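Enquirer: Structure in C-alpha cells, see below.
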Amino acid sequence: MSAASSIPTAPGMPATVPPPAPGTPLAATDLLALVVERFPSATRDAADHWDLTIIVSAEQLRDAVLFLRDDRRLQMAMLLDIAGVDYLAYPGHRRARFAVIYLFKSLVHGHRVKLKVEVDEESPELPSIHDLYKIADWSERETWDQIGVVFRGHPNLKRLLNHHEFIGHPLRKDYPCQKRQKLSVNDPMLDELELRLRQLGYTVLSEGALHSMPTGLPTGAVDGVGDRGQIDPDLVQGSNAGADQRGVL
C-alpha cells in the first residue's frame, strides 16, 4: 500500500462543506474535502490508520497552514506540536527519507488534523511558520536539533535539547546511539536574551556599556537609548538596584 492515497476524497464526498456549529467537529472526510478543494494535489496519508494526516508539498506548507488557521469552517487556532520523522530502514517505505508532521486542533470545533510534508534527504529544508504560531519557534528548533531539518526564516535556529557543541542529530536512524558528546564550554545564551529584548522594543548596546538613568526621573523609569517610555515594574516593586545603577543591556 502506498504511503499516500491515490484517491484524495471518498465517493459521495461534498465539494463544499458548510461551517459546523461551535463545539461540533467536522468529520474527517469533510475536513479532507475542504483541504483538497483548496489544494488539489494534497493527498491523505494511507499509512495513518487512526487519524487524518494530509500530505502537502513544501511549497504549499505556509498557505495550507494559513488555510487551516483562518478558514471559518476549520479555525485551527492551536498548533499542538511539530514532529520530525526519519523513515530510514522503515519496512516497505519507498518515499522521502524525512518528513515533518504538524499537529493542529480547533479550539472552537474540536476537530484535529495533521499536515505532513516530505523532506528531501540531500537538502532537508522547509519554510518556517514561527510567525504564524508562536509555539513553532521552539518546536522548529527542537526538530532541527534532533532530526536536522532546516527551517528557512527562523529568527534563531539553534539547538534546544542538545548542547551547543553537539555534532549531528541524535534522532536520525543512522546516528550512533552509544556515542557520547561532552560539553567543554557553557553557552551563556546571550543571543537569546538580546533577541528577546529587541522583540520587546529595547536597544541592545555593546558588551560592557551601561546607560545610567539621569536624576529627576521617577524610580523605575528608563531614559535615553532603549527607552520605551514605561516604568520598570521590578524597580517599582523594590529591586535592590537604585536609580543610579539602572542600566540598559
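Enquirer: Can you pull out the residues in segment 109-155 that are at negative phi, in a loop (DSSP other than H, G, I, E, B) and surrounded by fewer than 18 Cβ atoms within 10 Å (Cβ to Cβ)? Give the steps one after another, and end with the answer.
Expert: Just the residues of segment 109-155 that are at negative phi, to begin with: 109, 111-147, 149-152, 154-155.
Next cut, in a loop (DSSP other than H, G, I, E, B) only: 109, 111, 120-124, 128-135, 149, 154-155.
Across segment 109-155, the qualifying residues are 120, 121, 122, 123, 131, 132, 134, 135, 155.
Enquirer: Just the residues that are among the charged types (D, E, K, R), farther than 23 Å from residue 155 by Cα and either without any contact (Cβ under 8 Å) to a residue 40 or more places away in the chain or not assigned by TED's automatic domain parsing to the domain that holds residue 66 (or both), please, taken from segment 104-120.
Expert: Selection gives 105 alone.
Table: residues versus (1) within 18 Å of residue 126 (Cα to Cα); (2) buried (at least 18 other Cβ atoms within 10 Å of the Cβ).
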site	(1), (2)
32	no, yes
35	no, yes
48	no, no
54	yes, yes
77	no, no
80	no, no
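Enquirer: For segment 171-228, which residues satisfy the criterion of being modelled with pLDDT of 85 or more, of a type in the set (Lys, Arg) and part of a loop (DSSP other than H, G, I, E, B)?
Expert: Within segment 171-228, 172, 173, 179, 180, 182 qualify.
Enquirer: Which residues, taken from segment 158-199, are closer than 28 Å to residue 102 by Cα and in contact (Cβ under 8 Å) with a residue 24 or more places away in the chain?
Expert: 158, 163, 169, 170, 171, 172, 173, 174, 191, 192, 193, 195
Enquirer: Of 97, 38, which residue is more than 20 Å from the chain's Cα centre (by Cα) and closer than 23 Å to residue 141 by Cβ? Working first, answer last.
Expert: Details: 38 fails: closer than 23 Å to residue 141 by Cβ.
Of the residues listed, the single one that is more than 20 Å from the chain's Cα centre (by Cα) and closer than 23 Å to residue 141 by Cβ is 97.
Enquirer: Among 147, 101, which is the only one that is farther than 17 Å from residue 70 by Cβ, assigned by TED's automatic domain parsing to the domain that holds residue 50 and touching a strand residue (DSSP E or B) at 6+ places or on another chain (Cβ under 6 Å)? It would help to see each step written out before you state the result.
Expert: Values: 147 fails: assigned by TED's automatic domain parsing to the domain that holds residue 50.
Step by step, each of 147, 101 is checked, and only 101 is farther than 17 Å from residue 70 by Cβ, assigned by TED's automatic domain parsing to the domain that holds residue 50 and touching a strand residue (DSSP E or B) at 6+ places or on another chain (Cβ under 6 Å).
Enquirer: Given the criteria of a type outside the set (Val, Ile, Thr), over 27 Å from residue 42 (Cβ atoms) and exposed (fewer than 12 other Cβ atoms within 10 Å of the Cβ), does residue 180 qualify?
Expert: On the way: of a type outside the set (Val, Ile, Thr): yes; over 27 Å from residue 42 (Cβ atoms): yes; exposed (fewer than 12 other Cβ atoms within 10 Å of the Cβ): yes.
Yes: the conditions hold for residue 180.
Enquirer: Where residues in segment 86-107 are crowded, with 18+ Cβ neighbours inside 10 Å and among the hydrophobic types (A, V, I, L, M, F, W, C), which of them is farthest from residue 28 (Cα to Cα)?
Expert: 98
Enquirer: Hey, can you tell me all the residues within segment 68-104 that are closer than 10 Å to residue 115 by Cβ and not in a strand (DSSP E or B)?
Expert: Passing the criteria: 68, 76.
The values are calculated or read from the model by the stated rules, or taken from the named source; none is laboratory data. Keep in mind it's a predicted model, so treat the numbers as computed, not measured. So basically every Cβ, Gly included, is an ideal-geometry build from the backbone, and we count neighbours across all protein chains shown.
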